[in-house]
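One structure below.
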Amino acid sequence: MQSRRLPEEFRTKTHRWHTRRRLGGEAPGRSGARFAILAMAVGAIAMVFLSCGDGAVEPARPPSVPGAATVTVNPASATLTAIEGTALFIAEVRDQNGLVMAGAAVGWASGDASVVAVDAARLVTAAANRSATITATAGSVSGRRRARWPTW
């Protein structure tokens, strides 16, 4: 079999290319190809990250509004000394963290309006010679105390 020799010009170009490769240089026309491959790889990675999720941003949750957890009525009890006698009750409302809720709306009620009456100003008035429960309500939580007019 007869061997063919490559033309001198081709052998010189090939030798230069191999020499550049060994020395860390690039062959002519190759640097653009590497850049294109790198750009496609970066683009593909970016597409993967951008496609993770629907793009919607979760809205910030509003801070939880504390609600009434306990209502304490003071004094613990009141003894009225005469019919039409009065006593002032105070309600302390606390939230689920145990903090006092200043300015919380409190509703007042008498367990038996024929014995004692209570108004929005927290004033309890005796109407008969017995005892009744006074209830303070804030939201869905209530506190109770006894008010009585002593029997003789």
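The values are calculated or read from the model by the stated rules, or taken from the named source; none is laboratory data. Predicted model, so just to flag it, every value in this text is computed and none were measured. Counting neighbours? That spans all protein chains shown, and the Cβs are built from the backbone with ideal geometry, glycine included. Calculation scope for accessible area: heavy atoms of the full protein, side chains included, ligands and nucleic acids excluded. Shrake-Rupley method; radii C 1.70, N 1.55, O 1.52, S 1.80 Å.
General observations
- Two-site label geometry, SER77 and ARG122: point separation in nm, points 7 Å out along Cα→Cβ: 2.1
- Average accessible area per residue (Å²) across the stretch 91-152 - probe 1.4 Å, nucleic acids and ligands excluded: 56
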